[in-house]
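The values are calculated or read from the model by the stated rules, or taken from the named source; none is laboratory data. No experiment lies behind these values; they were computed from the predicted model shown. Cβ sites come from the backbone with ideal geometry, for glycine too, and all protein chains shown count toward neighbours. Side chains included, ligands, DNA and RNA excluded: accessible areas come from the protein's heavy atoms. Shrake-Rupley method; radii C 1.70, N 1.55, O 1.52, S 1.80 Å.
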Amino acid sequence: MIINFITILLLIRPSLPLGSKTRHFEWEVGYMFRSPDCVENLVMGINGQFPGPTIRAEAGDTLHVKLTNKLHTEGVVIHWHGIRQLGTPWADGTASVSQCVINPGDTFVYRFKVDKAGTYFYHGHYGMQRTAGLYGSLIVDVAEGEKEPFDYDGEFSLLLSDWWHRSVHEQEVGLSSVPFRWIGEPQSLLINGRGQYTCSLASSSAVADGNATTDRGGRCGFLGHEECAPQILHVLPNRTYRLRLASAASLSSLNFAVSSHKLVVVEADGNYVQPFAVDDLDIYSGESYSVLLATDQNPAANYFISAGVRGRRPNTTQALTILNYKPNPPFKPPTLPPPVTPRWDDFDRSRRFSLKIRALVGRSRKPPRKSNRQILLLNTQNTVDGLLRWSINNISLALPATPYLGSIKYRLKHAFDGAPPPETFPENYNLARPPANPNSTVGSRVYRLQLNSTVDVVLQNANAMQENVSEIHPWHLHGHDFWVLGYGKGRFAAAEAERHFNLEDPPLRNTAVVYPYGWTAVRFAADNPGVWVFHCHVEAHLHMGMGVVFAEGMDRVRGIPRAAIACGLTAKMKTAAKEEEDGN
(Lines give C-alpha, C1' and ligand atoms only; values in the text may rest on other atoms or scores of the structure.)
Protein backbone atom coordinates (compact mmCIF):
# COMPACT_ATOMS: atom_id res chain seq x y z
CA MET A 1 0.00 0.00 0.00
CA ILE A 2 2.82 2.41 0.86
CA ILE A 3 4.56 1.75 -2.45
CA ASN A 4 1.32 2.30 -4.40
CA PHE A 5 0.63 5.55 -2.54
CA ILE A 6 4.12 6.84 -3.30
CA THR A 7 3.68 5.92 -6.95
CA ILE A 8 0.46 7.92 -7.10
CA LEU A 9 2.17 10.92 -5.54
CA LEU A 10 4.97 10.76 -8.10
CA LEU A 11 2.44 10.69 -10.92
CA ILE A 12 0.63 13.70 -9.50
CA ARG A 13 3.71 15.71 -8.57
CA PRO A 14 6.66 14.34 -10.55
CA SER A 15 10.06 15.15 -9.09
CA LEU A 16 12.13 17.62 -11.04
CA PRO A 17 15.23 16.41 -12.90
CA LEU A 18 18.55 17.14 -11.26
CA GLY A 19 19.78 18.82 -14.44
CA SER A 20 16.93 21.33 -14.71
CA LYS A 21 17.89 24.87 -15.77
CA THR A 22 16.60 28.39 -15.46
CA ARG A 23 16.05 29.91 -18.88
CA HIS A 24 15.97 33.72 -19.08
CA PHE A 25 14.07 35.81 -21.60
CA GLU A 26 13.62 39.58 -21.95
CA TRP A 27 10.57 40.56 -23.95
CA GLU A 28 9.01 43.81 -25.09
CA VAL A 29 5.40 43.78 -26.29
CA GLY A 30 4.42 46.38 -28.89
CA TYR A 31 2.49 47.10 -32.06
CA MET A 32 4.19 46.98 -35.45
CA PHE A 33 3.26 47.07 -39.11
CA ARG A 34 3.26 43.62 -40.68
CA SER A 35 1.58 41.79 -43.58
CA PRO A 36 0.60 38.37 -42.21
CA ASP A 37 -1.64 37.64 -45.21
CA CYS A 38 0.03 39.97 -47.73
CA VAL A 39 -2.13 42.91 -46.54
CA GLU A 40 -0.38 45.39 -44.26
CA ASN A 41 -1.93 45.82 -40.84
CA LEU A 42 -1.14 46.54 -37.21
CA VAL A 43 0.08 43.44 -35.40
CA MET A 44 0.88 42.98 -31.71
CA GLY A 45 4.19 41.20 -31.35
CA ILE A 46 7.15 40.54 -29.08
CA ASN A 47 10.65 41.89 -29.70
CA GLY A 48 9.56 42.84 -33.21
CA GLN A 49 8.47 39.28 -33.99
CA PHE A 50 5.09 37.90 -35.04
CA PRO A 51 4.25 35.31 -33.92
CA GLY A 52 6.27 35.88 -30.78
CA PRO A 53 9.55 34.04 -30.09
CA THR A 54 9.32 30.29 -29.65
CA ILE A 55 10.29 29.12 -26.17
CA ARG A 56 12.00 25.73 -25.99
CA ALA A 57 12.73 24.13 -22.62
CA GLU A 58 12.96 20.76 -20.91
CA ALA A 59 10.57 19.36 -18.33
CA GLY A 60 11.63 20.61 -14.91
CA ASP A 61 13.16 23.84 -16.20
CA THR A 62 12.29 27.22 -14.75
CA LEU A 63 11.30 29.99 -17.16
CA HIS A 64 12.18 33.56 -16.18
CA VAL A 65 10.44 35.96 -18.56
CA LYS A 66 10.99 39.68 -17.98
CA LEU A 67 8.11 41.31 -19.85
CA THR A 68 8.04 45.04 -20.56
CA ASN A 69 4.91 46.69 -21.91
CA LYS A 70 5.79 48.97 -24.81
CA LEU A 71 2.16 49.54 -25.79
CA HIS A 72 1.31 53.23 -25.49
CA THR A 73 -2.25 53.04 -24.18
CA GLU A 74 -2.97 49.43 -23.17
CA GLY A 75 -2.15 47.08 -20.35
CA VAL A 76 -0.97 43.56 -21.15
CA VAL A 77 -0.54 40.09 -19.63
CA ILE A 78 0.70 36.76 -21.03
CA HIS A 79 -0.99 33.43 -20.27
CA TRP A 80 1.13 30.27 -20.54
CA HIS A 81 -1.52 28.02 -22.02
CA GLY A 82 -1.42 24.47 -20.67
CA ILE A 83 1.23 25.15 -18.02
CA ARG A 84 -0.36 24.27 -14.67
CA GLN A 85 1.60 26.80 -12.59
CA LEU A 86 2.05 24.43 -9.64
CA GLY A 87 2.87 26.70 -6.71
CA THR A 88 2.94 29.86 -8.83
CA PRO A 89 -0.71 30.83 -9.48
CA TRP A 90 0.26 34.51 -9.88
CA ALA A 91 2.27 33.59 -13.00
CA ASP A 92 -0.77 32.24 -14.87
CA GLY A 93 -1.08 35.53 -16.73
CA THR A 94 -4.82 36.12 -16.50
CA ALA A 95 -5.87 39.74 -16.09
CA SER A 96 -8.13 40.35 -13.06
CA VAL A 97 -7.84 36.72 -11.98
CA SER A 98 -4.17 36.00 -11.25
CA GLN A 99 -2.63 39.43 -11.71
CA CYS A 100 -3.07 43.11 -12.42
CA VAL A 101 -2.45 44.16 -16.00
CA ILE A 102 1.06 45.38 -16.74
CA ASN A 103 0.66 49.08 -17.45
CA PRO A 104 2.37 50.88 -20.35
CA GLY A 105 6.06 51.27 -19.59
CA ASP A 106 5.99 48.81 -16.67
CA THR A 107 7.79 45.47 -16.35
CA PHE A 108 6.62 42.23 -14.76
CA VAL A 109 8.63 39.04 -14.27
CA TYR A 110 6.97 35.68 -14.91
CA ARG A 111 8.90 32.94 -13.16
CA PHE A 112 7.54 29.39 -13.15
CA LYS A 113 8.42 25.76 -13.77
CA VAL A 114 7.39 23.76 -16.81
CA ASP A 115 6.81 20.43 -15.12
CA LYS A 116 5.58 18.28 -18.00
CA ALA A 117 6.78 17.67 -21.55
CA GLY A 118 4.40 18.57 -24.32
CA THR A 119 3.21 20.98 -27.01
CA TYR A 120 1.98 24.29 -25.59
CA PHE A 121 1.73 27.95 -26.52
CA TYR A 122 1.34 31.35 -24.89
CA HIS A 123 -0.94 34.26 -25.66
CA GLY A 124 -2.33 37.54 -24.41
CA HIS A 125 -5.15 37.25 -21.88
CA TYR A 126 -6.36 40.83 -21.57
CA GLY A 127 -9.19 42.12 -23.72
CA MET A 128 -8.86 40.48 -27.13
CA GLN A 129 -5.12 40.85 -27.57
CA ARG A 130 -4.77 37.28 -28.85
CA THR A 131 -6.85 38.38 -31.83
CA ALA A 132 -4.34 41.20 -32.37
CA GLY A 133 -1.54 38.66 -32.75
CA LEU A 134 -0.11 38.29 -29.25
CA TYR A 135 0.83 34.59 -29.22
CA GLY A 136 3.71 32.19 -29.76
CA SER A 137 4.81 28.58 -29.34
CA LEU A 138 6.07 26.97 -26.13
CA ILE A 139 7.65 23.55 -26.55
CA VAL A 140 8.66 21.45 -23.54
CA ASP A 141 10.92 18.51 -24.34
CA VAL A 142 11.34 15.50 -22.09
CA ALA A 143 14.00 15.90 -19.42
CA GLU A 144 17.53 14.78 -20.17
CA GLY A 145 17.80 11.02 -19.92
CA GLU A 146 14.09 10.43 -20.50
CA LYS A 147 12.43 9.24 -23.70
CA GLU A 148 9.17 9.79 -25.55
CA PRO A 149 6.99 6.70 -26.07
CA PHE A 150 7.42 7.05 -29.85
CA ASP A 151 10.28 7.61 -32.28
CA TYR A 152 10.74 10.18 -35.01
CA ASP A 153 13.53 11.61 -37.18
CA GLY A 154 12.67 15.31 -37.08
CA GLU A 155 9.92 17.71 -36.10
CA PHE A 156 8.07 20.86 -37.07
CA SER A 157 5.96 23.20 -34.95
CA LEU A 158 2.85 24.63 -36.63
CA LEU A 159 0.91 27.36 -34.83
CA LEU A 160 -2.53 27.81 -36.42
CA SER A 161 -4.56 31.01 -36.12
CA ASP A 162 -7.10 33.24 -37.82
CA TRP A 163 -6.72 36.87 -38.85
CA TRP A 164 -8.95 39.92 -39.36
CA HIS A 165 -8.25 43.18 -41.18
CA ARG A 166 -10.53 45.08 -38.82
CA SER A 167 -8.71 46.21 -35.66
CA VAL A 168 -9.26 44.36 -32.41
CA HIS A 169 -10.44 47.60 -30.80
CA GLU A 170 -13.17 48.01 -33.40
CA GLN A 171 -14.19 44.39 -32.82
CA GLU A 172 -14.39 44.91 -29.05
CA VAL A 173 -16.53 48.03 -29.43
CA GLY A 174 -18.87 46.24 -31.84
CA LEU A 175 -19.37 43.37 -29.40
CA SER A 176 -20.39 45.85 -26.70
CA SER A 177 -22.67 48.02 -28.82
CA VAL A 178 -26.41 48.43 -29.31
CA PRO A 179 -27.19 47.36 -31.96
CA PHE A 180 -24.75 44.46 -31.72
CA ARG A 181 -21.99 44.27 -34.34
CA TRP A 182 -20.52 40.80 -34.79
CA ILE A 183 -16.83 40.45 -35.68
CA GLY A 184 -17.65 38.38 -38.79
CA GLU A 185 -15.56 35.57 -40.21
CA PRO A 186 -11.78 36.04 -40.43
CA GLN A 187 -10.22 37.27 -43.64
CA SER A 188 -7.45 34.67 -43.49
CA LEU A 189 -6.17 31.58 -41.75
CA LEU A 190 -2.50 31.59 -40.81
CA ILE A 191 0.12 28.88 -40.36
CA ASN A 192 2.97 30.20 -38.22
CA GLY A 193 1.64 33.71 -38.79
CA ARG A 194 1.55 33.44 -42.59
CA GLY A 195 -1.38 33.25 -44.99
CA GLN A 196 -2.68 34.68 -48.23
CA TYR A 197 -5.76 36.89 -48.58
CA THR A 198 -8.04 36.53 -51.64
CA CYS A 199 -5.61 34.29 -53.42
CA SER A 200 -4.83 30.62 -53.62
CA LEU A 201 -1.46 29.02 -53.08
CA ALA A 202 -2.90 26.24 -55.19
CA SER A 203 -2.76 28.42 -58.31
CA SER A 204 -0.07 27.09 -60.60
CA SER A 205 1.66 30.43 -61.19
CA ALA A 206 2.07 31.07 -57.49
CA VAL A 207 3.39 27.62 -56.68
CA ALA A 208 5.70 27.47 -59.68
CA ASP A 209 8.02 30.32 -58.76
CA GLY A 210 6.74 31.98 -55.59
CA ASN A 211 7.06 35.40 -57.23
CA ALA A 212 3.49 36.33 -58.11
CA THR A 213 2.19 39.75 -57.12
CA THR A 214 -0.61 40.50 -54.67
CA ASP A 215 -3.92 41.57 -56.13
CA ARG A 216 -7.63 40.89 -55.70
CA GLY A 217 -7.68 38.69 -58.75
CA GLY A 218 -6.64 35.50 -57.00
CA ARG A 219 -2.84 35.40 -57.28
CA CYS A 220 -0.64 34.96 -54.23
CA GLY A 221 1.82 37.71 -53.51
CA PHE A 222 5.24 36.78 -52.22
CA LEU A 223 7.60 39.14 -54.04
CA GLY A 224 8.49 41.82 -51.49
CA HIS A 225 6.17 40.11 -48.99
CA GLU A 226 8.36 37.59 -47.20
CA GLU A 227 6.11 38.01 -44.15
CA CYS A 228 3.26 36.18 -45.89
CA ALA A 229 5.22 33.65 -47.94
CA PRO A 230 4.32 30.18 -46.64
CA GLN A 231 6.87 28.38 -44.51
CA ILE A 232 7.64 25.24 -46.47
CA LEU A 233 8.20 21.97 -44.58
CA HIS A 234 11.32 20.35 -46.05
CA VAL A 235 11.47 16.59 -45.53
CA LEU A 236 13.41 13.56 -46.71
CA PRO A 237 11.70 10.48 -48.11
CA ASN A 238 11.15 7.45 -45.88
CA ARG A 239 11.43 9.31 -42.60
CA THR A 240 9.03 9.92 -39.72
CA TYR A 241 8.36 13.50 -38.63
CA ARG A 242 6.59 14.85 -35.60
CA LEU A 243 4.24 17.73 -36.35
CA ARG A 244 3.43 19.77 -33.26
CA LEU A 245 0.09 21.51 -33.84
CA ALA A 246 -1.46 24.20 -31.65
CA SER A 247 -4.47 26.42 -32.30
CA ALA A 248 -4.34 30.03 -31.14
CA ALA A 249 -7.39 30.79 -33.29
CA SER A 250 -9.71 33.44 -31.90
CA LEU A 251 -12.90 32.07 -33.47
CA SER A 252 -12.37 29.30 -35.98
CA SER A 253 -12.52 25.57 -35.38
CA LEU A 254 -10.05 24.08 -37.82
CA ASN A 255 -9.39 20.88 -39.71
CA PHE A 256 -5.77 19.97 -40.49
CA ALA A 257 -4.63 17.59 -43.22
CA VAL A 258 -1.64 16.67 -45.39
CA SER A 259 -2.54 15.49 -48.87
CA SER A 260 -2.11 11.70 -49.35
CA HIS A 261 -0.52 11.25 -45.90
CA LYS A 262 -1.85 9.59 -42.78
CA LEU A 263 -1.45 11.36 -39.45
CA VAL A 264 -0.85 9.28 -36.31
CA VAL A 265 -2.05 11.17 -33.22
CA VAL A 266 0.28 10.60 -30.23
CA GLU A 267 -0.17 13.63 -27.93
CA ALA A 268 -3.04 15.91 -26.95
CA ASP A 269 -2.62 19.02 -24.77
CA GLY A 270 0.70 17.83 -23.37
CA ASN A 271 -0.51 14.30 -22.56
CA TYR A 272 0.31 11.06 -24.37
CA VAL A 273 -2.57 9.26 -26.05
CA GLN A 274 -2.99 5.82 -27.57
CA PRO A 275 -1.71 6.23 -31.14
CA PHE A 276 -4.34 6.19 -33.88
CA ALA A 277 -4.19 7.05 -37.56
CA VAL A 278 -6.45 9.55 -39.34
CA ASP A 279 -6.60 11.27 -42.70
CA ASP A 280 -7.23 14.63 -41.01
CA LEU A 281 -7.96 16.00 -37.54
CA ASP A 282 -10.16 18.67 -36.03
CA ILE A 283 -8.37 21.13 -33.77
CA TYR A 284 -10.28 23.68 -31.72
CA SER A 285 -9.03 26.94 -30.28
CA GLY A 286 -6.83 26.19 -27.28
CA GLU A 287 -6.03 22.61 -28.26
CA SER A 288 -2.65 21.15 -29.16
CA TYR A 289 -1.61 17.84 -30.71
CA SER A 290 1.44 15.95 -31.85
CA VAL A 291 1.03 13.76 -34.91
CA LEU A 292 3.54 11.51 -36.62
CA LEU A 293 3.80 11.75 -40.40
CA ALA A 294 5.63 9.13 -42.48
CA THR A 295 7.10 10.48 -45.73
CA ASP A 296 6.17 7.29 -47.60
CA GLN A 297 4.56 8.80 -50.70
CA ASN A 298 5.98 9.41 -54.18
CA PRO A 299 9.28 11.21 -53.50
CA ALA A 300 9.18 12.94 -56.88
CA ALA A 301 6.19 15.04 -55.78
CA ASN A 302 5.37 17.76 -53.28
CA TYR A 303 2.13 17.79 -51.28
CA PHE A 304 -0.27 20.37 -49.86
CA ILE A 305 -0.71 20.95 -46.14
CA SER A 306 -4.06 22.56 -45.33
CA ALA A 307 -6.09 24.07 -42.51
CA GLY A 308 -9.75 24.83 -43.16
CA VAL A 309 -12.74 26.04 -41.15
CA ARG A 310 -15.02 23.61 -39.31
CA GLY A 311 -17.97 24.23 -37.00
CA ARG A 312 -19.04 27.51 -38.65
CA ARG A 313 -20.28 28.16 -42.16
CA PRO A 314 -16.93 28.91 -43.78
CA ASN A 315 -16.26 32.20 -45.49
CA THR A 316 -12.48 32.02 -45.27
CA THR A 317 -10.04 30.42 -47.71
CA GLN A 318 -7.99 27.46 -46.52
CA ALA A 319 -4.53 28.10 -45.18
CA LEU A 320 -2.02 26.20 -47.31
CA THR A 321 1.64 25.41 -47.31
CA ILE A 322 3.75 22.69 -48.93
CA LEU A 323 5.34 19.47 -47.77
CA ASN A 324 8.52 19.53 -49.85
CA TYR A 325 10.17 16.18 -50.52
CA LYS A 326 13.85 16.90 -51.01
CA PRO A 327 15.52 17.33 -53.44
CA ASN A 328 12.41 18.63 -55.25
CA PRO A 329 12.31 22.42 -55.63
CA PRO A 330 10.30 23.87 -52.69
CA PHE A 331 7.68 25.48 -54.93
CA LYS A 332 7.32 22.62 -57.38
CA PRO A 333 3.54 22.43 -57.90
CA PRO A 334 1.92 19.49 -56.13
CA THR A 335 0.28 17.16 -58.60
CA LEU A 336 -2.72 16.66 -56.31
CA PRO A 337 -5.15 19.39 -55.20
CA PRO A 338 -5.28 20.46 -51.55
CA PRO A 339 -7.22 18.23 -49.14
CA VAL A 340 -10.94 18.98 -49.00
CA THR A 341 -12.02 20.28 -45.60
CA PRO A 342 -14.92 18.14 -44.29
CA ARG A 343 -18.37 19.68 -44.29
CA TRP A 344 -18.47 22.39 -41.63
CA ASP A 345 -21.59 21.09 -39.83
CA ASP A 346 -20.85 17.35 -39.84
CA PHE A 347 -20.69 17.23 -36.05
CA ASP A 348 -21.12 13.46 -35.86
CA ARG A 349 -17.82 13.18 -37.70
CA SER A 350 -16.27 15.55 -35.19
CA ARG A 351 -17.59 13.51 -32.25
CA ARG A 352 -16.17 10.32 -33.71
CA PHE A 353 -12.73 11.92 -33.82
CA SER A 354 -13.02 13.14 -30.22
CA LEU A 355 -14.02 9.67 -29.03
CA LYS A 356 -10.87 8.14 -30.56
CA ILE A 357 -8.67 10.12 -28.17
CA ARG A 358 -7.76 7.90 -25.21
CA ALA A 359 -4.99 8.11 -22.65
CA LEU A 360 -1.85 6.04 -23.19
CA VAL A 361 -2.03 3.26 -20.63
CA GLY A 362 0.85 3.35 -18.18
CA ARG A 363 1.72 6.98 -18.96
CA SER A 364 -1.36 8.65 -17.48
CA ARG A 365 -3.15 8.29 -14.17
CA LYS A 366 -6.75 7.15 -14.06
CA PRO A 367 -9.50 9.35 -12.65
CA PRO A 368 -11.06 8.65 -9.26
CA ARG A 369 -14.12 6.44 -9.63
CA LYS A 370 -16.38 8.98 -7.95
CA SER A 371 -16.46 12.75 -7.62
CA ASN A 372 -17.15 14.82 -4.52
CA ARG A 373 -19.10 17.48 -6.37
CA GLN A 374 -20.90 17.95 -9.64
CA ILE A 375 -21.40 21.36 -11.25
CA LEU A 376 -23.65 21.75 -14.31
CA LEU A 377 -22.88 24.78 -16.47
CA LEU A 378 -25.47 25.84 -19.05
CA ASN A 379 -24.18 27.99 -21.94
CA THR A 380 -26.83 30.44 -23.14
CA GLN A 381 -26.95 33.60 -25.17
CA ASN A 382 -28.82 36.41 -23.45
CA THR A 383 -29.23 40.15 -23.18
CA VAL A 384 -28.13 42.40 -20.32
CA ASP A 385 -29.50 45.95 -20.50
CA GLY A 386 -29.94 45.53 -24.22
CA LEU A 387 -26.40 44.18 -24.79
CA LEU A 388 -25.95 40.73 -26.29
CA ARG A 389 -24.01 38.54 -23.84
CA TRP A 390 -23.14 34.91 -23.19
CA SER A 391 -24.11 33.55 -19.78
CA ILE A 392 -23.39 30.53 -17.63
CA ASN A 393 -26.35 29.49 -15.49
CA ASN A 394 -27.79 32.92 -16.33
CA ILE A 395 -24.75 34.87 -15.08
CA SER A 396 -22.46 36.63 -17.57
CA LEU A 397 -18.92 36.85 -16.26
CA ALA A 398 -17.53 40.33 -15.68
CA LEU A 399 -14.05 40.35 -14.19
CA PRO A 400 -13.36 42.72 -11.28
CA ALA A 401 -10.79 45.50 -11.16
CA THR A 402 -8.80 43.77 -8.40
CA PRO A 403 -7.46 40.28 -9.17
CA TYR A 404 -9.31 37.52 -7.36
CA LEU A 405 -5.99 36.08 -6.20
CA GLY A 406 -5.27 39.14 -4.07
CA SER A 407 -8.79 39.93 -2.94
CA ILE A 408 -9.46 36.37 -1.76
CA LYS A 409 -6.05 35.96 -0.15
CA TYR A 410 -6.35 39.19 1.84
CA ARG A 411 -10.15 39.05 2.31
CA LEU A 412 -10.72 42.32 0.50
CA LYS A 413 -14.38 43.20 0.94
CA HIS A 414 -16.63 44.16 -1.97
CA ALA A 415 -13.94 43.39 -4.57
CA PHE A 416 -16.30 40.91 -6.23
CA ASP A 417 -19.71 39.37 -5.70
CA GLY A 418 -19.28 36.97 -2.79
CA ALA A 419 -22.56 35.11 -3.26
CA PRO A 420 -22.21 31.47 -4.36
CA PRO A 421 -22.94 30.98 -8.07
CA PRO A 422 -25.65 28.52 -9.17
CA GLU A 423 -24.47 24.93 -9.66
CA THR A 424 -27.23 23.82 -12.00
CA PHE A 425 -30.07 25.18 -14.14
CA PRO A 426 -33.85 24.68 -14.21
CA GLU A 427 -35.03 21.22 -15.24
CA ASN A 428 -37.69 22.70 -17.50
CA TYR A 429 -35.22 24.79 -19.54
CA ASN A 430 -35.81 24.10 -23.25
CA LEU A 431 -32.40 23.54 -24.83
CA ALA A 432 -33.81 23.43 -28.35
CA ARG A 433 -35.32 26.92 -28.34
CA PRO A 434 -34.05 30.46 -27.77
CA PRO A 435 -34.47 31.42 -24.10
CA ALA A 436 -38.06 32.24 -23.22
CA ASN A 437 -36.75 35.03 -21.00
CA PRO A 438 -33.59 36.37 -22.66
CA ASN A 439 -32.63 38.65 -19.78
CA SER A 440 -29.54 37.77 -17.80
CA THR A 441 -27.31 39.45 -15.24
CA VAL A 442 -23.63 40.31 -15.00
CA GLY A 443 -21.67 38.83 -12.11
CA SER A 444 -18.22 38.09 -10.69
CA ARG A 445 -19.01 35.14 -8.43
CA VAL A 446 -16.54 32.37 -7.60
CA TYR A 447 -16.97 28.62 -7.20
CA ARG A 448 -15.09 27.69 -4.01
CA LEU A 449 -13.64 24.19 -4.28
CA GLN A 450 -12.39 22.09 -1.39
CA LEU A 451 -8.69 21.44 -1.78
CA ASN A 452 -7.90 17.93 -3.06
CA SER A 453 -11.56 17.21 -3.79
CA THR A 454 -12.65 15.62 -7.06
CA VAL A 455 -14.94 17.82 -9.15
CA ASP A 456 -17.13 16.95 -12.11
CA VAL A 457 -18.15 19.74 -14.46
CA VAL A 458 -20.78 19.15 -17.11
CA LEU A 459 -20.83 21.70 -19.94
CA GLN A 460 -24.34 21.89 -21.39
CA ASN A 461 -24.96 23.55 -24.75
CA ALA A 462 -28.27 25.09 -25.81
CA ASN A 463 -29.92 27.16 -28.52
CA ALA A 464 -28.62 30.69 -28.98
CA MET A 465 -30.86 33.76 -29.39
CA GLN A 466 -31.53 32.90 -33.02
CA GLU A 467 -33.72 29.94 -33.94
CA ASN A 468 -31.92 26.70 -34.84
CA VAL A 469 -28.49 28.00 -33.85
CA SER A 470 -26.22 26.26 -31.36
CA GLU A 471 -22.47 26.79 -31.59
CA ILE A 472 -19.30 24.86 -30.81
CA HIS A 473 -17.53 26.03 -27.66
CA PRO A 474 -14.00 24.87 -26.78
CA TRP A 475 -13.57 25.26 -23.00
CA HIS A 476 -10.14 25.73 -21.42
CA LEU A 477 -9.31 25.22 -17.73
CA HIS A 478 -6.38 27.07 -16.19
CA GLY A 479 -4.17 25.46 -13.56
CA HIS A 480 -5.26 21.86 -14.20
CA ASP A 481 -5.63 19.04 -16.63
CA PHE A 482 -8.98 17.26 -16.56
CA TRP A 483 -10.23 13.86 -17.66
CA VAL A 484 -12.78 13.99 -20.47
CA LEU A 485 -15.33 11.41 -19.32
CA GLY A 486 -17.81 11.62 -22.15
CA TYR A 487 -19.89 13.48 -24.70
CA GLY A 488 -23.61 13.33 -25.34
CA LYS A 489 -26.48 14.81 -27.29
CA GLY A 490 -29.39 16.71 -25.78
CA ARG A 491 -29.79 17.33 -22.07
CA PHE A 492 -27.39 15.70 -19.63
CA ALA A 493 -29.16 13.02 -17.57
CA ALA A 494 -26.82 11.96 -14.78
CA ALA A 495 -28.19 8.47 -14.10
CA GLU A 496 -27.93 7.44 -17.74
CA ALA A 497 -24.80 9.35 -18.74
CA GLU A 498 -22.65 8.27 -15.81
CA ARG A 499 -23.13 4.61 -16.71
CA HIS A 500 -21.29 5.33 -19.96
CA PHE A 501 -18.47 7.51 -18.58
CA ASN A 502 -15.01 6.38 -19.65
CA LEU A 503 -13.19 5.76 -16.36
CA GLU A 504 -10.58 3.36 -17.75
CA ASP A 505 -8.57 5.45 -20.22
CA PRO A 506 -10.13 8.92 -20.55
CA PRO A 507 -7.75 11.48 -22.05
CA LEU A 508 -6.22 14.15 -19.86
CA ARG A 509 -6.76 17.52 -21.53
CA ASN A 510 -6.83 21.20 -20.64
CA THR A 511 -9.32 22.07 -23.40
CA ALA A 512 -12.50 20.22 -24.37
CA VAL A 513 -15.18 21.00 -26.91
CA VAL A 514 -18.92 20.99 -26.28
CA TYR A 515 -20.90 20.33 -29.45
CA PRO A 516 -24.15 22.02 -30.53
CA TYR A 517 -27.17 20.96 -28.45
CA GLY A 518 -24.92 18.55 -26.56
CA TRP A 519 -22.95 18.12 -23.34
CA THR A 520 -19.39 17.29 -22.33
CA ALA A 521 -18.44 15.92 -18.90
CA VAL A 522 -14.98 16.45 -17.38
CA ARG A 523 -13.48 15.50 -14.01
CA PHE A 524 -10.49 17.08 -12.28
CA ALA A 525 -8.67 17.10 -8.98
CA ALA A 526 -8.81 20.47 -7.22
CA ASP A 527 -5.21 20.03 -6.06
CA ASN A 528 -3.56 23.27 -7.17
CA PRO A 529 -4.04 26.16 -4.70
CA GLY A 530 -4.99 29.35 -6.49
CA VAL A 531 -7.74 31.04 -8.48
CA TRP A 532 -8.35 29.70 -11.95
CA VAL A 533 -10.64 30.69 -14.78
CA PHE A 534 -12.56 28.12 -16.87
CA HIS A 535 -13.86 29.66 -20.08
CA CYS A 536 -14.75 29.34 -23.71
CA HIS A 537 -11.57 29.86 -25.72
CA VAL A 538 -13.37 31.71 -28.50
CA GLU A 539 -12.07 35.22 -27.87
CA ALA A 540 -15.34 37.02 -28.60
CA HIS A 541 -17.34 34.63 -26.40
CA LEU A 542 -15.10 35.19 -23.38
CA HIS A 543 -15.27 38.93 -24.02
CA MET A 544 -19.06 38.58 -23.91
CA GLY A 545 -19.05 36.71 -20.59
CA MET A 546 -18.70 32.97 -21.25
CA GLY A 547 -16.63 31.81 -18.31
CA VAL A 548 -16.54 30.94 -14.62
CA VAL A 549 -13.93 31.20 -11.85
CA PHE A 550 -12.74 28.48 -9.44
CA ALA A 551 -10.82 29.06 -6.20
CA GLU A 552 -9.17 26.33 -4.14
CA GLY A 553 -6.74 26.09 -1.24
CA MET A 554 -6.12 29.83 -1.01
CA ASP A 555 -4.88 29.47 2.57
CA ARG A 556 -1.96 27.48 1.12
CA VAL A 557 -0.88 30.18 -1.32
CA ARG A 558 2.33 31.91 -0.22
CA GLY A 559 4.71 34.48 -1.65
CA ILE A 560 2.44 36.35 -4.07
CA PRO A 561 4.51 39.14 -5.68
CA ARG A 562 3.09 42.54 -4.80
CA ALA A 563 3.21 43.61 -8.43
CA ALA A 564 0.71 40.88 -9.31
CA ILE A 565 -2.08 42.02 -6.99
CA ALA A 566 -1.29 45.56 -5.79
CA CYS A 567 -4.09 47.19 -7.75
CA GLY A 568 -7.00 47.72 -5.37
CA LEU A 569 -5.19 46.66 -2.19
CA THR A 570 -5.13 48.97 0.81
CA ALA A 571 -1.85 50.15 2.30
CA LYS A 572 -2.29 47.69 5.18
CA MET A 573 -2.80 44.80 2.76
CA LYS A 574 0.21 45.85 0.70
CA THR A 575 2.32 45.80 3.87
CA ALA A 576 1.04 42.33 4.74
CA ALA A 577 1.81 41.14 1.21
CA LYS A 578 5.34 42.55 1.42
CA GLU A 579 5.98 40.85 4.75
CA GLU A 580 4.81 37.53 3.37
CA GLU A 581 6.83 37.94 0.17
CA ASP A 582 9.98 38.85 2.14
CA GLY A 583 9.44 35.85 4.42
CA ASN A 584 9.43 33.45 1.47
In the chain, with Lys and Arg counted as +1 and Asp and Glu as -1 at Cβ, which of these residues, 381, 541, 457, has the Cα nearest the positive end of the dipole, that is, farthest along it? 457
Straight-line reach from residue 326: which aspartates and glutamates have Cα under 17 Å away, leaving out those fewer than 8 places along the same chain? 153, 155, 209, 296
Take the solvent-accessible surface of the protein heavy atoms, probe 1.4 Å, and return the percent of it on the chain that carbon and sulfur atoms account for. 52 percent
Quick check for you: with a 1.4 Å probe and neighbouring chains kept, what is the accessible area per residue of the chain, in Å²? 40 Å²
Using only protein heavy atoms and a 1.4 Å probe, report how much of residue 558 is accessible, in Å² to the nearest 10. 120 Å²
Between residue 296 and residue 141, what length in nm is gained on full extension when 0.36 nm per residue of separation is reduced by their alpha carbon distance? 53.2 nm
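If you rank 326, 147 by how much accessible surface each has, with a 1.4 Å probe, what is the order from largest down?
147, 326
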Suppose the chain between residue 181 and residue 363 were pulled fully straight at 0.36 nm per residue; how much longer would it get relative to their current alpha carbon spacing? 60.8 nm
With the crude spin-label approximation of a point 7 Å out along Cα→Cβ, what separation in nm comes out for residue 450 versus residue 432? 3.9 nm
When only C-alpha pairs under 8 Å and at least 6 residues apart count, what is the relative contact order of region 225-304, in percent? 41 percent
Working out 0.36 nm times the residue gap between residue 340 and residue 567, then minus their Cα-Cα distance, what length gain in nm do you get to one decimal? 76.7 nm
Which value in nm describes the separation of the simple spin-label points at residue 417 and residue 166, placed 7 Å from the Cα toward the beta carbon? 2.9 nm
Excluding residues fewer than 8 places away in the same chain, name every one of the lysines whose C-alpha is closer than 28 Å to that of residue 413. 572, 574, 578
Two-decimal Rg/Rh across the chain, once Rg and the Kirkwood Rh are taken from alpha-carbon atoms: 0.95
Is region 421-489 best put as rounded, prolate or oblate by its Cα gyration tensor, with a ≥ b ≥ c the root eigenvalues, rounded for a/c under 1.5, and otherwise prolate when a/b is larger than b/c, oblate when not? prolate
Could you give the size of the charge dipole of the chain about its Cα centre, using +1 on the Cβ of each K and R and -1 on the Cβ of each D and E, expressed in debye and rounded to the nearest 20? 840 debye
From the protein chains alone at 1.4 Å, what is the descending order of accessible area for 427, 148, 26, largest first? 427, 26, 148
Modelled label-to-label distance, residue 372 and residue 66, 7 Å Cα→beta-carbon offset: nm? 4.2 nm
Relative to the compact-globule estimate 2.2 N^0.38 Å (N residues), the Cα gyration radius of region 72-165 stands at a ratio of 1.27
